[in-house]
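Okay, so here's the structure we're looking at.
Read the figures in this text as sums done on the coordinates, not as results from a lab. Here the structure is a predicted model, which is why all the values come from computation and not from measurement. As a convention, Cβ positions derive from the backbone with ideal geometry for all residues, glycine included, and neighbour counts pool all protein chains shown.
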Amino acid sequence: MKILVTGGAGYIGSHTLVELIDAGYEVVAVDNLCNSQKHSLKRVEKITHGNIAFYQIDIRDKEALTQVFKHHKIDAVMHFAGLKAVDKSVQKPIEYYDNNIGGTLALVEVMQNFNCKILVFSSSATVYGDAHKMPIREDFPLSATNPYGYSKLMIEQLLQDVFQAGGGWSIAKLRYFNPIGAHKSGTIGEHPNGIPNNLMPHILRVAMGELDKLNIFGGDYNTPDGTAIRDYIHVVDLAKGHIQALHALIDKPQIITANLGTGNGYSVLDMVMAFEKASGKPVPYQITHRRKGDIAICYADPSYAYKKLNWKAKHGLKDMCQDAWRWQVKNPDGYLC
Ligand code: NAD
Ligand code: UD1
């Protein structure tokens, strides 16, 4: 079977390509490289000894996408392409809606034209807003506080409606919690263009000596140590969840909405300590003011994914930190070296 991976050069897409190739699928990747480098695909080929047919296109370009479907008989699509920085989405809402929603609309239209109806979509735990209790189940109320979150909510609705209209679509909406870590080989990892706001890239930069210290956003949350709690999940576990979802969708046409998290919540201070232990490097920090828009606690109930997809996360915090550190040390300039 041939699988099209949109956003394949990116962080989660590249790790999922490894799992797809290892599972015996043929793969085609498209990416406009707005937040990635195409070297990541070469590295995936190196790890897997596989081949990736790559097209540098924007998925909003229906004609270009159509050409890809004409060249390859695509059986299913994994759709990672999108913009993901919350703060930028507030500054540039039109760009975010255009890219995330416009891109998905163009994709499903072209898929429909080619009678390709199996789709795995990257959603986010952000669709739960500030959930009323923990752990978060898939049937909790949905909300958003920024254009990025709204774009994920709108795409989820769009896909629900496409499925409901009939015609044999089979769709998975996977709600990721906080992906971190890298492939065990240290050959691929996270290397966005520019400086990301997320916790692990900042910890890595402090451990490398590129930053003096980590700013911890808020020490007065109602949590055991006062810092905010999240469900960090190893990116390889996340990638494997996509393979399980694909199998379920191939098995029978259906729509699946599932959390991909570990079910464990760790505070920012837990992360700092786990990272120091795993890397042997100190991570000096200072506690500063809360970051606007942050919530205190967010972790998944992952039991539905286990029941439905026979999937659960296997890596613990130590692996996540060690693997992130290995990638960073082996590739201080990411894919640029
Ligand atoms: P990423 O930025 O590394 O990967 C996304 C890729 O899509 C990039 O390579 C980018 O160049 C490409 N892209 C963006 N817009 C495109 C377009 N219009 N046409 C073609 N390519 C385009 O991000 P990631 O962390 O791998 O995330 C993948 C998906 O998962 C995204 O949709 C993101 O919103 C979602 N997600 C990510 C996280 C996270 O923490 N990383 C959490 C929840 C959900
Ligand atoms: C963020 C996004 C969320 C998105 C997710 C995955 C926001 C408000 N939310 O989630 O929509 O789905 O990324 O891409 O941006 N922290 C620090 N210091 C730092 C960086 C982070 O203390 O330098 C803290 C944050 O306050 C948070 C935790 O670390 O408590 C995790 O932060 P981050 O990695 O940015 O993820 P989220 O905020 O959970």
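Points worth noting:
- Taking 7 Å steps out from each Cα toward its Cβ at residue 75 and residue 115 produces label points 1.6 nm apart.
- Measuring r between the beta carbons of residue 49 and residue 143 and using R0 = 45 Å, the FRET efficiency lands at 0.50.
- Label point at residue 34 placed 7 Å out along Cα→Cβ; residues across the stretch 49-74 whose backbone nitrogen lies under 13 Å: 57-61
- Computed Rg/Rh of the chain, alpha carbon atoms with Kirkwood Rh: 0.95
- With a simple spin-label model that places each label point 7 Å from the Cα along the Cα-to-Cβ direction, the separation between residue 318 and residue 132 comes to 4.0 nm.
- Charge sum, other residues only, whose C-beta stays under 11 Å from residue 315's C-beta, Lys/Arg counted +1 and Asp/Glu -1: +2
- Charge tally for residue 121 (other residues, Cβ to Cβ under 11 Å; Lys, Arg +1; Asp, Glu -1): +2.
- Sparsely packed trypsin sites (Lys or Arg not before Pro) within the stretch 254-293, loop by DSSP, other Cβ within 10 Å at most 12: 292
- Using just its DSSP H runs of length 4 or more, each adding -39500 (n - 2.57), the chain gives a mean residue ellipticity at 222 nm of -11500 deg cm²/dmol after division by all residues.
- Segment residue 195-residue 247, length gained on full extension (0.36 nm per residue, minus Cα span): 15.2 nm
- Net charge over other residues, Cβ less than 9 angstrom from the Cβ of residue 184 (K, R count +1; D, E count -1): -1
- Residues 336, 4, 83, arranged from fewest to most other Cβ atoms within 10 angstrom of their Cβ, appear as 336, 83, 4.
- Unsatisfied cross-links (Cα-Cα over 31 Å) in the set 2/308; 252/292; 88/240; 46/312: 252/292
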